[in-house]
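*Asks:* One structure is given below, represented as structure tokens, and several questions about it will come after.
The values are calculated or read from the model by the stated rules, or taken from the named source; none is laboratory data. The structure presented is a predicted model; accordingly, all values stated were derived computationally and were not measured. Cβ coordinates were reconstructed from backbone atoms using ideal geometry, including for glycine residues, and neighbour counts include every protein chain displayed.
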Amino acid sequence: MKKITILFVLMALSTLSPAQENPYLPETEPAVVQKLEEWKDLKFGLLMHWGTYSQWGIVESWSLCSEDEPWCTRKIKNYTDYCRTYTNLKTTFNPVWFDPDKWAIAAAGAGMKYVVFTTKHHDGFCMFDTHQTDYKITDPGCPFHANPKANVAKEIFDAFRRKGLWAGAYFSKPDWHSNDYWAEEWATPNRNVNYDIKKYPNRWQRFCTYTYNQIEELMSQYGRIDILWLDGGWVNPANNQDINMPAIAGMARKYQPGLIIVDREVPGKYENYRTPEQQVPAAPLDYPWETCMTMATSWSYVPGDVYKPARHLIHLLIDIVAKGGNFLLNIGPSPEGELADTAYARLKEIGDWMKVNGESIYKTRPINPYKSGKNCFTSLTDGTIYVLYLADEKETEMPSLIEVKGFQPSKGSTIELLGRKGFLKWEITGNDFRIKVPPDCIHHPPCKYAWVFKIRMKLN
């Protein structure tokens, strides 16, 4: 009986969501709380994975790791030779087409409101002018160092801020190039630090100082930074890899008051919002969250990668926002410093849709039933409610009637179709309602992929 009871408990625990296993700790500092509310209003951002690895068109950093995973296999079988060759990619990295203003214009045109850029990934190569290492794009050993735009992170942050977007700095806590994280004296069996920190505390302290100094550079020398997006969640006190986040956070917020800190997958005080990766939660979450997802199949540049259709991306945005989240969409630039033509085309199509329907996305909050059949719901604080109809792949014309289940406007409410002037007729059907689409809209919808109905509720 005891064995059965224990088994039942283990099964129950295994079904708990991460939020249940590790409760979210709400932020209490007023400036950060306010910043988080402003961030919730933004809804749509751009994530960019870019580094020397783009020259090979491989997954970012992970091929350096000895973990036997199918997504990080190596071209060169000898591990030592591979690591040496990978490190030498610095000597050939020369993205001469790099034009951050072009990226910023495309992102802003798509309706994006913030950018998160990889200042340093796990491989340790710095896309900013750090003074802590020569493994960086601005070092004389990198051919791009002489370019006026060599301090890539600064150029990106400046360009995107000029277009009105927030700046977010992605920063990897682990650093596989650092001799104080992956020490050359010993093998590197996995992603973790490869020596006993308790046995070599001075070495670990050097790494902590190195990390602190690099983040301080980013926080103090790169203008206004709104988000510090920390990756590499295995570097945390529970895993015996304590980098002193209280000191880092205190320093960072001294330079950047109200800074949002995203210590990914480390529940606690410095996980201001959570980041489900490559997935959309099934229902709204009771804490701030952001789905980070690739526009293509890879986080980093892969020649000939397959990009998600615009319709799918718009539906993802709607689904995420209806559930109360933000959508951080990733694009990986090429080794020459350009985005694929397909990526620009997708951004353009999303932007065209947002120009008509953006008011149903920005500054909204979820409202029951959030999603019902082909309809999603969002709301504004003034009581305005939006019904967003997700058109099927071959559904290019609007149906004459839009059936909305699980929700009902109050009597006397008005309904409009965004992109078209005038009120629409609607009627109650049991516990639901339906909207009558005017004949002129059936064959000539105001946009593609999803149609939005604006309800102004009449207060009784």
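*Asks:* Of Arg161, Arg203, Arg224, which residue is among the basic types (Lys, Arg), assigned to a loop (DSSP other than H, G, I, E, B) and out of contact with any Ser or Thr (no Cβ under 8 Å at 6 or more places or on another chain)?
*Replies:* On inspection, the qualifying residue turns out to be Arg224.
*Asks:* What pairs come out if I take residues in region 139-157 that are within 16 Å of Arg224 (Cα to Cα) and pair them with residues that are in a helix (DSSP H, G or I) and of a type in the set (A, V, I, L, M) whose C-beta lies under 9 Å away, six or more apart or interchain?
*Replies:* Short answer, once both residue conditions are applied: Ala153/Leu218; Ile156/Ala104.
*Asks:* Only one residue in Trp56, Trp50 is over 30 Å from Asn357 (Cβ atoms), in contact (Cβ under 8 Å) with a residue 60 or more places away in the chain and buried (at least 16 other Cβ atoms within 10 Å of the Cβ), so which one is that?
*Replies:* The conditions single out Trp50.
*Asks:* Quick check on my filter: what residues within region 342-365 are of a type in the set (Lys, Arg) and either in contact with a His (Cβ under 9 Å, 6 or more places away or on another chain) or in a loop (DSSP other than H, G, I, E, B) (or both)?
*Replies:* Lys363
*Asks:* Next question, about the same structure. If the requirement is being acidic (Asp, Glu), outside the structural domain of Ile320 (by TED's automatic domain parsing) and assigned to a loop (DSSP other than H, G, I, E, B), which of these qualifies: Glu397, Glu427?
*Replies:* When all the criteria are applied, what remains is Glu397.
*Asks:* Of the conditions (1) in a loop (DSSP other than H, G, I, E, B); (2) out of contact with any Phe, Trp or Tyr (no Cβ under 7 Å at 6 or more places or on another chain); (3) surrounded by 18 or more Cβ atoms within 10 Å (Cβ to Cβ), Leu25 clears all except one; give me its number.
*Replies:* Unmet condition: (3).
*Asks:* Follow-up. So, in region 1-55, of the ones that are under 27 Å from Leu329 (Cβ atoms) and modelled with pLDDT under 50, which residue ends up farthest from the chain's Cα centre (by Cα)?
*Replies:* Ser17
*Asks:* Residues of region 368-380 being outside any loop (DSSP other than H, G, I, E, B) and surrounded by fewer than 19 Cβ atoms within 10 Å (Cβ to Cβ), which ones?
*Replies:* Scanning region 368-380 gives a single hit, Ser372.
*Asks:* Conditions first: (1) in a helix (DSSP H, G or I); (2) within 30 Å of Pro30 (Cα to Cα); (3) free of Cβ contacts under 8 Å to residues at least 40 places away in the same chain; (4) not β-branched (Val, Ile, Thr). Glu265 passes all but one, so which condition is the exception?
*Replies:* Checking Glu265 against (1) in a helix (DSSP H, G or I); (2) within 30 Å of Pro30 (Cα to Cα); (3) free of Cβ contacts under 8 Å to residues at least 40 places away in the same chain; (4) not β-branched (Val, Ile, Thr), the one that fails is (1).
*Asks:* Same structure again: Limited to region 194-248, what total is found for residues that are more than 16 Å from Lys120 (Cα to Cα), of a type in the set (Val, Ile, Thr) and buried (at least 18 other Cβ atoms within 10 Å of the Cβ)?
*Replies:* So the count comes out to 2.
*Asks:* Sticking with this structure for a sec: So, of the residues in region 381-413 that are among the polar types (S, T, N, Q) and within 18 Å of Ile367 (Cα to Cα), which turns out to be surrounded by the fewest Cβ atoms within 10 Å (Cβ to Cβ)?
*Replies:* Looking at residues that are among the polar types (S, T, N, Q) and within 18 Å of Ile367 (Cα to Cα), I get Thr381.
*Asks:* If you go through region 283-341, how many residues are in a loop (DSSP other than H, G, I, E, B) and aromatic (Phe, Trp, Tyr)?
*Replies:* 4
*Asks:* Looking at Arg365, Arg346, which one is crowded, with 18+ Cβ neighbours inside 10 Å and under 24 Å from the mean Cα position of the chain (by Cα)?
*Replies:* Arg346
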